[in-house]
1. With the crude spin-label approximation of a point 7 Å out along Cα→Cβ, what separation in nm comes out for Asn63 versus Lys5?
2. So with the 1.4 Å probe, I'd like the accessible area per residue for the chain, rounded to whole Å².
3. Please list the non-local residues whose amide H lies under 5 Å from the amide H of Asp44, H modeled 1.01 Å from N, same-chain partners needing a gap of 5 or more.
4. With the full set of protein chains in place, find how many percent of the accessible area of segment 7-243 is carbon and sulfur; take the probe as 1.4 Å.
5. Quote the relative contact order of segment 1-91 in percent (integer), defining contacts as alpha-carbon pairs under 8 Å separated by 6+ residues.
6. For a 25 Å ceiling on Cα separation, which of these pairs sit above it: Lys95/Lys126; Lys18/Lys169; Lys6/Lys235; Lys80/Lys169; Lys29/Lys71?
7. Please go through segment 196-246 and write out the trypsin sites (Lys or Arg not before Pro) that DSSP classes as loop and that have at most 15 other C-beta atoms within 10 Å.
8. State to the nearest 20 debye the size of the charge dipole of the chain about its Cα centre, where the only charges are +1 on K and R beta carbons and -1 on D and E beta carbons.
Amino acid sequence: MEKKKKIIAIFIAYNASKTLEKFYTEFPKHFVDDIILVDDFSHDNTFELSKKLGIESYQNPVNLGYGGNIKEAVKIALGKGAEIIVDIHPDGEYKPSSIPAAIREVEKGAGLVLGSRFSNGDNPGKNGMYPWKILPIRILNKIDEVVLGIKIDDLHQGFRVYTKELLEKSNFEANSNDYLFSFEIIVQAVYNHIKIAQVPVETCYSGKKRGASLKNCLKYSFGTFGTLFLFILAKSFYKSAIFRKN
Ligand SMILES: Nc1nc2c(ncn2[C@@H]2O[C@H](COP(=O)(O)OP(=O)(O)O)[C@@H](O)[C@H]2O)c(=O)[nH]1
Ligand SMILES: [Mg+2]
């Protein structure tokens, strides 16, 4: 009987004090073996609140950014023996109800699982996502599917399940410290022939800040073209750092 793989949920947090308590109280803790929160040097009391809630909490000495924060959280989780890492944001925009289905995909051999906001004809616009984001995301996604030779209908979303296998084969520490990390790790999975699966994910966008700002979205979008270009080079004659072995 195969030993049960250790599942750790990582909460990467930045100024999440308004959403953390409700998110953690409602979080289905029996879905995972352990939970850690890594505070990215928030301006508000996210770190203190996290400790008060009894979450195993860590804090970066400076603000590292989305990608930098994930790298820290992943390293801590791997250090605690995690073989499956559930990345779910404590801003509550992604519902944890998708975790069991995602874990099943890993048990079926996936090394990376992505949430999809568009499966079964679903549309995050009805869950409060800013309409100006939807068309660019779909266009980016089409271009990415063609260049990467994959069929995944929502590559640019925040709910992910990473596996030890993916992280050991991917030079993720060389990835960007900002949002681009979230695309680079997918391209590394494709490059390293890691099976990618997707599960429907429920979203809930509310309040003023609904995901990354316009400025960050533009910076991220252009960044993804750079990553695709490096992927094409890595497939032919030049391996940039993110495609080199660990
Ligand atoms: N904006 C931002 N988010 C960060 C940072 N470090 C960690 N995060 C966390 O990264 C996650 C995703 O960021 P968010 O801005 O919500 O982007 P989204 O993926 O478009 O929803 C959230 O849980 C943030 O708290 C940072 O420096 N800036
Ligand atoms: Mg968010």
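1. 3.4 nm
2. Dividing the accessible area of the chain by its residue count gives 47 Å².
3. The list, which skips near neighbours in sequence, is Asn15.
4. 60 percent
5. The value is 44 percent.
6. Exceeds cut-off: Lys18/Lys169; Lys6/Lys235.
7. Here the sparse-neighbourhood loop sites are Lys208, Lys209, Lys239, Arg244, Lys245.
8. Rounded to the nearest 20 debye, it is 400 debye.
The values are calculated or read from the model by the stated rules, or taken from the named source; none is laboratory data. Keep in mind it's a predicted model, so treat the numbers as computed, not measured. Cβ: placed from backbone, ideal geometry, glycine included. Neighbour counts: every protein chain shown. For accessibility, only protein heavy atoms count, side chains too; no ligands or nucleic acids. Shrake-Rupley method; radii C 1.70, N 1.55, O 1.52, S 1.80 Å.
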